[in-house]
Structure formats: structure tokens, C-alpha cells
Amino acid sequence: MAEVTQDFKDKVLSILAEVCESDEIKKNPDLQLFDEGLLDSFATISLVVEFEQQLQISVPISDFNREEWATPNMIVHQLAERK
């Protein structure tokens, strides 16, 4: 498992909060994004684009599995594995 720095986690959570338009993401990193209606298929595409632009981490949309990317913490760890 890749090491996750606080700086990296903060950047990912900021991007998520911006795309999902909710600061709740920063307060509750185990929030179920899809179940809460904060993330949908359109927002997922925006999120993947932002990760590539801001973090230089490419995530093919075909690799974006909702079950593996369901919470902010899960997304942080998925991205850490790809950097």
C-alpha cells in the first residue's frame, strides 16, 4: 500500500469538495459519496479530469469502480497507488 502524506490527502479532499460542492467531504472522509448524492456519473468525469490536471495522476474512466472509489478515504488511497 502506498504511503499517503497529509499534504496529498488534503489536496485530494479539496478537489473532491470543489467538484462535489460540499465541505462535508473534508469533515467526514468516510462519507458514502454516491449514496449521499454528492457524486454521480457526470461529476465522476469532472473529478477524473481534475485529478489529472491538478495532481498529474491519470485515472482511466474504465478503472473508476464505484465500489472502490465510494468514499473520500478510498479515493485518496486509490490515487496514492497510482502516483
> Using the membrane-span-like helix rule (whole DSSP H runs, Cα extent along the own axis of at least 20 Å, mean Kyte-Doolittle hydropathy at least -1.0), which helices of the chain qualify?
Replying inline: 6-20, 41-55
> Rounded, prolate or oblate: which fits the chain when a ≥ b ≥ c are the square roots of the eigenvalues of the alpha-carbon gyration tensor, with rounded for a/c under 1.5 and prolate only if a/b beats b/c?
Replying inline: rounded
>> Keeping all protein chains in place and using 1.4 angstrom, which order do Glu18, Glu67, Glu52 fall into by accessible surface area, from largest down?
In response: Glu67, Glu18, Glu52
>> Given contacts defined as C-alpha pairs under 8 Å and at least six residues apart, what's the relative contact order of the chain, whole-number percent?
In response: 38 percent
> List the lysines whose alpha-carbon lies under 18 Å from that of Lys26, not counting same-chain residues fewer than 8 positions away?
Replying inline: Lys9, Lys11
> What accessible surface, in Å², does a 1.4 Å probe find on Asp35, ignoring ligands, DNA and RNA and rounding to the nearest 10?
Replying inline: 120 Å²
>> Modelling each spin label as a point 7 Å along the Cα-to-Cβ direction, I'd like the Gln54/Lys26 distance in nm, to one decimal.
In response: 1.1 nm
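Going by accessible area, probe 1.4 Å, with all protein chains left in place, what is the ranking of Glu81, Glu68, Glu50, Glu21, largest first?
My answer, sorted largest first, is Glu21, Glu81, Glu68, Glu50.
The values are calculated or read from the model by the stated rules, or taken from the named source; none is laboratory data. Model, not experiment: these values are computed from the prediction. When we count neighbours, we look across all protein chains shown, and the Cβ atoms used for this are built from the backbone with ideal geometry, even at glycine. What goes into the accessible areas is simple: the full protein's heavy atoms, side chains included, and nothing from ligands, DNA or RNA. Shrake-Rupley method; radii C 1.70, N 1.55, O 1.52, S 1.80 Å.
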